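A quick write-up on the structure given underneath.
The values are calculated or read from the model by the stated rules, or taken from the named source; none is laboratory data. Values in this document were obtained by computation on a predicted structure and should not be read as measured data. Counting neighbours? That spans all protein chains shown, and the Cβs are built from the backbone with ideal geometry, glycine included. Heads up: the accessible areas ignore ligands, DNA and RNA and are worked out on the full protein's heavy atoms, side chains in. Shrake-Rupley method; radii C 1.70, N 1.55, O 1.52, S 1.80 Å.
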Amino acid sequence: MKLSNKVSAITPSSTLAITAKAKQMKADGVDVVGFGAGEPDFDTPIHIKQAAIKAIEEGFTKYTPASGIIELKKAICDKLKKDNGLEYEINQIVISNGAKHSLTNAFMAILNPGDEVIIPAPFWLSYSQMVKLADGIPVIVYANKENNFKITVEDLEKVITDKTKAIIINTPNNPTGVVYNEKELKEIADFVVKHDIYVISDEIYEKLIYDGIKHVSIASFNEEIYKRTIIINGVSKSYSMTGWRIGYLAAPSDIAKIISNMQSHATSNPNSIAQKATIAALTGPQDCVEAMRKEFEKRRNYMIDRLTQIPNISFIKPQGAFYIVIDLSNILGKTFKGKVINNANEFGAILLEEENVAVVPCTDFGYSNCIRLSYAIDKESIQKGLDRIENFINKLK
Ligand SMILES: Cc1ncc(COP(=O)(O)O)c(C=O)c1O
């Protein structure tokens, strides 16, 4: 029988596939270094786990309101006020099963068939698939490498049409780790207001930011941009809670309302126990976040030092998240054992086979000549993996 055209056209997540392959090789006893990780390698902090245990012991194990419990919504409003200077009411918050779910909900809520969503590349691969799922059309706009892969209003003016409904801004960015500064964001905000479109502001890596810089939310500039912004955030990356599946969005109340309605039919509430754990994460001690951030910064610095010494590659210095994008343009076309390496996919496949190192080709992120390395792995593995990559690159002819 014929299956849905729309859903059949969705491609699987290549990052999850690579991570799974590396895990399998490890399970088979291969000494593999996986640079694919999209999640912190730290344990969830103990006070968060204890809040979950308490929730179970107290029998907080039943349905909750579909868009999340009021106590958690209040904690999210307080967080948005404290960290981002934003005023939200609880009827503007929807809590979902991870930020991925919040994003999908956001696109479902704002898009009609044929509406276009501008996605600056390199982009997190799920965005384009989510937009398609919601009957929208992803419009990829290529950021200039010379501008650290950050999009400018000039780039955006070239792709805006009367069908444009929204733009996605993801800062700190996956995969590049670049962070938009206040001036750059302000210009994009003015563009959004001028064209009367929405901005989906994915701030999931907000707390993982380096060099003493501070995250700015695009919604914070003025009332006009605030009412056109859907903020996406969650606890997966900041509190090392990827498996707990709690994300949230903050939006104008009419958008939040229709998303709550949809969620009440599609999934009902996010996990009750994880909601209690998230309250502990947001309202409890924050030194655990700082400890993880510091460790990531150390690893990033080490990666930068090492990568600078490897010939024929270049990279953009990341200031946030836990990824580095490496440009292989000067390597592509070279050969390994007589076989030409044409693109990042081929580079990744041979590297895994020959050196047991898994990296993520950026093909699905919009750049087929780049790879992404995650440093959400321990320092020894990073060291070993980079040794092997250097060795491999030196063997290319
Ligand atoms: C940019 C970006 N947004 C959202 C998410 C989704 O996070 P969650 O685990 O909360 O669904 C990810 C996860 O990799 C991400 O990289």
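Quick check on region 120-160: of everything there that is in contact (Cβ under 8 Å) with a residue 40 or more places away in the chain and open to solvent by 40 Å² or more (accessible area, probe 1.4 Å), which residue is nearest to the ligand (Cβ to nearest atom)?
124
Every residue in region 304-318 that is surrounded by fewer than 23 Cβ atoms within 10 Å (Cβ to Cβ) and touching a strand residue (DSSP E or B) at 6+ places or on another chain (Cβ under 7 Å), please.
Result: 307, 313, 314, 315, 316.
Taking region 90-110 on its own, how many of its residues are touching a residue at least 24 places away in the same chain (Cβ under 8 Å) and more than 9 Å from the ligand (Cβ to nearest atom)?
Residues meeting the conditions: 12.
Please find, within region 18-41, the residue that is farthest from the chain's Cα centre (by Cα) out of those that are open to solvent by 60 Å² or more (accessible area, probe 1.4 Å) and within 15 Å of the ligand (Cβ to nearest atom).
Top of the filtered list is 41.
Consider residue 375 against the criteria (1) among the hydroxyl-bearing types (Ser, Thr, Tyr); (2) under 18 Å from residue 125 (Cβ atoms); (3) surrounded by 19 or more Cβ atoms within 10 Å (Cβ to Cβ): it satisfies all of them except one. Which criterion is unmet?
(2)
Specify the residue that is nearest to the ligand (Cβ to nearest atom); the eligible residues are those in region 224-258 that are assigned to a helix (DSSP H, G or I) and closer than 30 Å to residue 37 by Cβ.
242
Would you be able to say whether some residue in region 111-119 is modelled with pLDDT of 95 or more, within 15 Å of the ligand (Cβ to nearest atom) and either open to solvent by 30 Å² or more (accessible area, probe 1.4 Å) or assigned to a strand (DSSP E or B) (or both)?
Yes, region 111-119 contains a residue that is modelled with pLDDT of 95 or more, within 15 Å of the ligand (Cβ to nearest atom) and either open to solvent by 30 Å² or more (accessible area, probe 1.4 Å) or assigned to a strand (DSSP E or B) (or both).
Conditions: (1) within 18 Å of residue 282 (Cβ to Cβ); (2) out of contact with any helix residue (DSSP H, G or I) (no Cβ under 7 Å at 6 or more places or on another chain). Residue 47 meets all but one. Number of the miss?
(2)
Checking residue 162 against (1) assigned to a strand (DSSP E or B); (2) more than 17 Å from the chain's Cα centre (by Cα), which test does it fail?
(1)
Can you tell me how many residues within region 349-372 are closer than 27 Å to residue 138 by Cα, in a helix (DSSP H, G or I) and either open to solvent by less than 10 Å² (accessible area, probe 1.4 Å) or free of Cβ contacts under 8 Å to residues at least 40 places away in the same chain (or both)? Let's see the steps before the verdict.
First pass over region 349-372, keeping only residues closer than 27 Å to residue 138 by Cα: 359-372.
Among the residues that remain, those that are also in a helix (DSSP H, G or I) are: 362-365.
Subset that is either open to solvent by less than 10 Å² (accessible area, probe 1.4 Å) or free of Cβ contacts under 8 Å to residues at least 40 places away in the same chain (or both): 362, 365.
So the answer is 2.
Tell me yes or no: at least one residue of region 68-86 is more than 16 Å from the ligand (Cβ to nearest atom), farther than 26 Å from residue 222 by Cβ and assigned to a loop (DSSP other than H, G, I, E, B).
Scanning region 68-86, I find at least one residue that is more than 16 Å from the ligand (Cβ to nearest atom), farther than 26 Å from residue 222 by Cβ and assigned to a loop (DSSP other than H, G, I, E, B), so the answer is yes.
Here is a yes/no grid of residues against (1) farther than 23 Å from residue 87 by Cα; (2) free of Cβ contacts under 8 Å to residues at least 40 places away in the same chain; (3) in the same structural domain as residue 96 (by TED's automatic domain parsing):
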{"site": "168", "(1), (2), (3)": "no, no, yes"}
{"site": "174", "(1), (2), (3)": "yes, no, yes"}
{"site": "177", "(1), (2), (3)": "yes, no, yes"}
{"site": "184", "(1), (2), (3)": "no, yes, yes"}
{"site": "193", "(1), (2), (3)": "no, yes, yes"}
{"site": "200", "(1), (2), (3)": "no, no, yes"}
{"site": "204", "(1), (2), (3)": "no, no, yes"}
{"site": "220", "(1), (2), (3)": "no, no, yes"}
{"site": "225", "(1), (2), (3)": "no, yes, yes"}
